[in-house]
Amino acid sequence: MHMPAADIHVDESLVRALLQEQHPDLGGELRLSLNGWDNAIFRLGEHLAVRVPRRTAAAHLVAHEQRWLPELAPSLPVAVPAPVRIGVPSGRFPWPWSVVRWIEGVDAADVSASERTPLAVPLARFIVALHVPAPGTADGLLHPDVPLNPVRGVPLHSRDRAVRERLWELRRLWDVTALTGLWEEALAAPRWQGPPIWLHGDPHPGNLVLSAEPGRPVELAGVLDFGDLTAGDPATDLATAWLSFTPEARAVFRAVVADGSHPDAGGVDAATWLRARGWALAIGTALVTASDDDPRMHALGTHALAQLLNEAYGVVSR
């Protein structure tokens, strides 16, 4: 599967026109930084970036970031792309878009898993800080502005059909009998019974930024792309333990999460980690089967599946 085509072609001339129309005081060199599945990112000068959706399906995700990141950012221990300016739909462009601060560093998907080891503690602390109950109403319901996401934070069984279809696609490359066994163990785990927890939704290495200052230890400089922001089962985000790390770093990550988990968030028990392993399998199979044109994302999926098999069976069977 390849990256979906853009519903609207987003290029430098369009972004420059949008800035001139709505934020004419923002100047500086404008250059394309990333043309992703959902958004195009343009660096603006040295300190800003412009995030513009390229597909109808992604337009409402930008609105979620605009609504909630300004509230969440002050309590998070690393930089996140909270908007500094908001672009609104207009006759020139029908969807919301944002100007955010540029987070300098290296994409964590561009380094090896062993090089990501220093992220285990700061990423765990970020997860702990984010994983608090999402706001509710006086009658105990989730606040109506909290985004609902059909593929993140939901009961794991809702992903069963999609995962089994992807495992069938992978049957010639991977030991799908072993992977199916792991999936069914995760499905059998008790469901999340705690309150809906704030979730990033997609904290894989491609959304993590490493500091890149020569001569200084590697640090987590920022966490990007809150388009999948939602509330629900914290196991979804905890899948990053297998997507991002080697066994040693994963053990550190798990220990820090367990020690720091907010008491109002319901704790992180064995069932939650088992569901997290299921989410790692769900996301890993998605990355492997849907990233033919993105070797970095394909490598992340391969890493996650290999970690799961090695942890469960001691060998990677492919």
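Have a look at Arg67, Arg54, Arg31, Arg16 and point out the one that is crowded, with 18+ Cβ neighbours inside 10 Å and either basic (Lys, Arg) or more than 24 Å from the chain's Cα centre (by Cα) (or both). Answer to the selection: Arg54. Against the conditions (1) among the aliphatic types (A, V, I, L, M); (2) assigned to a helix (DSSP H, G or I); (3) touching a Ser or Thr at 6+ places or on another chain (Cβ under 9 Å); (4) surrounded by 20 or more Cβ atoms within 10 Å (Cβ to Cβ), Val257 satisfies every one except (3). The residues listed here are Trp102, Trp95; of these, the one that is of a type in the set (Phe, Trp, Tyr) and out of contact with any helix residue (DSSP H, G or I) (no Cβ under 6 Å at 6 or more places or on another chain) is Trp102.
When residues in the range 38-57 are screened for being assigned to a strand (DSSP E or B), under 18 Å from Asp202 (Cα atoms) and hydrophobic (A, V, I, L, M, F, W, C), 2 of them pass. If you go through the range 80-103 and pick out every residue that is closer than 30 Å to His262 by Cβ and assigned to a loop (DSSP other than H, G, I, E, B), you end up with 4. Scoring Glu169 on the criteria (1) among the acidic types (Asp, Glu); (2) under 27 Å from Asp145 (Cβ atoms); (3) touching a helix residue (DSSP H, G or I) at 6+ places or on another chain (Cβ under 6 Å) leaves a single failure, condition (2). Criterion first (over 16 Å from the mean Cα position of the chain (by Cα), within 15 Å of His200 (Cβ to Cβ), part of a loop (DSSP other than H, G, I, E, B) and at pLDDT 95 or above) does Pro77 satisfy it? Spelling it out, Pro77 is indeed over 16 Å from the mean Cα position of the chain (by Cα), within 15 Å of His200 (Cβ to Cβ), part of a loop (DSSP other than H, G, I, E, B) and at pLDDT 95 or above. State whether one or more residues within the range 107-116 are at pLDDT 95 or above, buried (at least 18 other Cβ atoms within 10 Å of the Cβ) and over 23 Å from Pro295 (Cβ atoms). Taking every residue of the range 107-116 in turn, none turns out to be at pLDDT 95 or above, buried (at least 18 other Cβ atoms within 10 Å of the Cβ) and over 23 Å from Pro295 (Cβ atoms). Within the option set Arg161, Arg152, being at pLDDT 95 or above and in contact with a helix residue (DSSP H, G or I) (Cβ under 7 Å, 6 or more places away or on another chain) holds for one residue only, Arg152. Quick check, is Ala282 at pLDDT 95 or above, closer than 28 Å to Asp107 by Cβ, in the same structural domain as Trp168 (by TED's automatic domain parsing) and in a helix (DSSP H, G or I)? Yes: the conditions hold for Ala282.
Every residue, every condition in (1) in contact (Cβ under 8 Å) with a residue 12 or more places away in the chain; (2) hydrophobic (A, V, I, L, M, F, W, C); (3) not assigned by TED's automatic domain parsing to the domain that holds Gly153, yes or no:
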{"position": "Arg216", "(1), (2), (3)": "no, no, no"}
{"position": "Ala251", "(1), (2), (3)": "no, yes, no"}
{"position": "Trp273", "(1), (2), (3)": "yes, yes, no"}
{"position": "Met297", "(1), (2), (3)": "yes, yes, no"}
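Just one of the numbered conditions (1) surrounded by fewer than 23 Cβ atoms within 10 Å (Cβ to Cβ); (2) at positive phi is not true of Pro150: (2).
The values are calculated or read from the model by the stated rules, or taken from the named source; none is laboratory data. Bear in mind the structure is a predicted one, so any value in this text is a computation, not a measurement. Every residue, glycine as well, gets a Cβ built from its backbone with ideal geometry; the counts of neighbours run over all protein chains shown.
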